């Protein structure tokens with residue numbers, strides 16, 4: 001096993017660094033390791049081990065435990081099941097050409113998870129120590145990280161209330177756990193651009209809600225719209241908000257529009273973080289990279305379907321794409337909106353951004 005000893009702002013190198021809570025880590029290795037398949041469909045094949053850390057209001061955080069992957073036992077009245085007091089994160093481990101394993105900007109995920117936990121009234125946790133426990137888990141299951149330029153190991157930290165009560169209240173028991181799975185293609189054919197269905201009758205998030213937190217309820221309530229999009233011949237939903245049909249997100253992705261704007265400027269635009277939009281790590285990275293390029297204007301601004309339709313009619317759209325941890329960078333091909341199919345255009349930067 002090889003580790004890089006350098007620190008980089010863009011990648012957390014899997015170096016050997018120990019923290020107090022991580023030093024208390026208990027490791028129980030599986031006696032029956034699985035046969036590792038070829039890179040599989042996203043989220044369907046899990047590694048040999050998982051990480052669990054229990055918390056209670058009276059005793060605080062218990063020693064972290066890495067143990068064989070398996071089912072968990074929950075009280076039937078658990079408030080995460082009844083009231084959705086739970087959240088999760090998603091990040092990836094990659095294997096470089098040098099065979100070093102890297103996590104992509106994981107402290108951004110830890111920061112976002114901490115913010116989500118506060119919104120869900122779940123306890124605070126030490127982000128650095130939790131990240132070190134995750135690093136140890138990846139180290140143990142490192143053989144699952146693919147030797148591939150296009151695939152990685154998906155890491156799913158999850159935080160749930162284990163409060164054994166039907167009372168709607170702040171939990172006095174909670175569980176942090178982490179599972180890992182191989183991460184191949186998120187969509188069935190990532191070589192093709194996505195099709196989106198835009199209809200204002202469904203809303204993903206709203207002002208004052210939890211759209212800027214990574215909570216399971218944000219995703220479960222999207223399923224009906226997702227299957228209706230399929231009925232219209234589309235793969236994903238383009239989520240709209242407000243009477244002016246503001247563009248917010250595409251499926252589970254942040255969305256970007258590269259166009260010639262109303263003032264004749266070449267611009268890469270994405271909706272602002274106003275409480276509705278999830279602050280994606282890939283989103284932030286794209287903004288930082290393209291601003292460094294200095295090739296065109298890069299903004300966080302409101303975009304409406306009226307503006308987009310006008311730009312498409314006038315052939316001012318260079319490309320549209322979605323971004324996220326699971327899909328990375330995904331070009332958008334066409335949009336079905338108010339009975340009209342609007343074709344997208346070429347996507348010169350999506351593959352280049354993916355390579356960055």
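Fewest Cβ neighbours within 10 Å first, please rank 306, 80, 148 accordingly. Working shown, then result.
Values: 306 11, 80 22, 148 14.
Lowest to highest Cβ neighbour count: 306, 148, 80.
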Taking a temperature of 10 °C and a viscosity of 1.306 mPa s, what whole-number D in µm²/s does Stokes-Einstein yield for the stretch 262-340 with Rh from Kirkwood over alpha carbon pairs?
-> 114
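Quick check on the stretch 92-247: what does the Kirkwood estimate of hydrodynamic radius come out to from the alpha carbon pairs, in Å? If you can, show how the numbers build up before the last one.
On the way: mean 1/r = 0.0542 Å⁻¹.
That comes to 18.4 Å for the stretch 92-247.
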Once you have the Kirkwood Rh of the stretch 81-143 from its Cα pairs, apply Stokes-Einstein at 4 °C and 1.567 mPa s and quote D in µm²/s.
-> 98
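Using only the alpha carbons of the stretch 11-183, what is the convex hull's orientation-averaged projected area in square nanometres? Spell out each step's value before the answer.
Values: hull surface 40.8 nm².
Result: a mean projected hull area of 10.2 nm².
Give me the percent relative contact order of the chain, please, defined on Cα pairs under 8 angstrom at least 6 residues apart. Spell out each step's value before the answer.
Values: 741 pairs, mean separation 57.2, N = 356.
Value for the chain: 16 percent.
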Percent of alpha-carbon pairs separated by more than 23 Å within the stretch 194-355 = 32
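Arrange 112, 301, 204 by Cβ neighbour counts within 10 Å, fewest through most, would you?
Taking fewest neighbouring Cβ atoms as first place, the list is 301, 112, 204.
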Relative contact order of the stretch 11-183, pairs being alpha-carbon contacts under 8 Å that are 6 or more residues apart, as % = 35
Dimensions in Å of the chain - Rg and Dmax from alpha carbons | 21.1, 64
First measure r as the distance between the Cβ atoms of residue 45 and residue 207, then evaluate 1/(1 + (r/R0)^6) with R0 = 35 Å and state the FRET efficiency to the nearest 0.05.
-> 0.35
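Going by how many other beta carbons lie within 10 Å of each one, how would you line up 248, 52, fewest first? Could you put the intermediate results ahead of the total?
On the way: 248 23, 52 18.
Starting with the residue having the fewest Cβ neighbours, the order is 52, 248.
Would you kindly work out the equivalent ellipsoid of the stretch 229-281 from its C-alpha gyration tensor and give its semi-axes, the square roots of five times the eigenvalues, largest first in whole Å? Please report the intermediate quantities before stating the final value.
Working: eigenvalues 89, 46, 29 Å².
For the stretch 229-281, the ellipsoid semi-axes come out as 21, 15, 12 Å.
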PRE zone check, label point 7 Å out along Cα-to-Cβ of residue 35, amide N under 17 Å, scope the stretch 137-158, hits 144
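Return a whole-number percent for the relative contact order of the stretch 134-271, with Cα pairs under 8 Å and 6 or more residues apart as the contact set.
16
Every number here is computed from the coordinates shown, using simple stated rules; none is lab data. The model shown is predicted, which means the values in this text are computed figures rather than measured ones. Glycine also receives a Cβ, built like all others from the backbone with ideal geometry; neighbour counts cover every protein chain displayed.
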